[in-house]
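Just below is one structure, and these are the notes that go with it.
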Amino acid sequence: MSKVARVRAVLLLLLGGFLAASGYADGVEWENLSEDQQALLSAQQDQWADMEAARQERLALGAERWLTMKDDAQREAARERFNQWQGLSDADRARIKERYDRFRRLPPERRDRIRDTYRRFHRLPLERRQKIRDHFRQLTPEQRRDRLRELRKRRATDRPG
């Protein structure tokens, strides 16, 4: 998975989690935003009442998250992820959203295994990760499926139980 794809996936996971956990299910009245959120979103005030509820929710949650960031480094990283997301084509965004929806429909144990595999992969040295990526890119789709099946089977037999 490319760096951009990883950033996209993380953004979608975060956004989905925030939306699921929020109390913004029916939109947000401007007056119900905190003073800090209103200050951050002041450029949107005139259009706020006419916005779709989903957009109000996203903006309110984004402002809330922004305000809880501890330092400029976090905010700069968030700006970069946002700019990457904005730079994507509609087709790329739709593809990412579909993958995220498929991920969310997986059983919790499967999602946990995927997250664990992702973390283990990212703990590897950069050179090793690149070597693995290069190897998988050279395989045909059928070879990739076979290799993944083999790895899953090996992991299942290695698991205590």
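Rundown of residues vs (1) modelled with pLDDT of 90 or more; (2) in the same structural domain as residue 156 (by TED's automatic domain parsing); (3) among the hydrophobic types (A, V, I, L, M, F, W, C), yes/no style:
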{"position": "23", "(1), (2), (3)": "no, no, no"}
{"position": "27", "(1), (2), (3)": "no, no, no"}
{"position": "46", "(1), (2), (3)": "yes, no, no"}
{"position": "59", "(1), (2), (3)": "yes, no, yes"}
{"position": "80", "(1), (2), (3)": "yes, no, no"}
Subject >> The listed residue being more than 19 Å from the chain's Cα centre (by Cα), of a type in the set (A, V, I, L, M) and not in a loop (DSSP other than H, G, I, E, B), out of 94, 39 >> reply: 39
Original post:
Name the pairs: first residue in the range 78-96 and among the charged types (D, E, K, R), second residue assigned to a helix (DSSP H, G or I), Cβ to Cβ under 7 Å, at least 6 apart or on different chains?
Top reply: 81/7; 81/11
Original post:
Can you name the residue in the range 45-89 that is within 28 Å of residue 31 (Cβ to Cβ) and touching a Lys or Arg at 6+ places or on another chain (Cβ under 9 Å) and is also surrounded by the fewest Cβ atoms within 10 Å (Cβ to Cβ) among such residues?
Top reply: 69
Subject >> Residue among 92, 112 that alone is outside the structural domain of residue 154 (by TED's automatic domain parsing) and surrounded by 11 or more Cβ atoms within 10 Å (Cβ to Cβ) >> reply: 92
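The values are calculated or read from the model by the stated rules, or taken from the named source; none is laboratory data. All values derive from a computational prediction rather than experimental measurement. Counting neighbours? That spans all protein chains shown, and the Cβs are built from the backbone with ideal geometry, glycine included.
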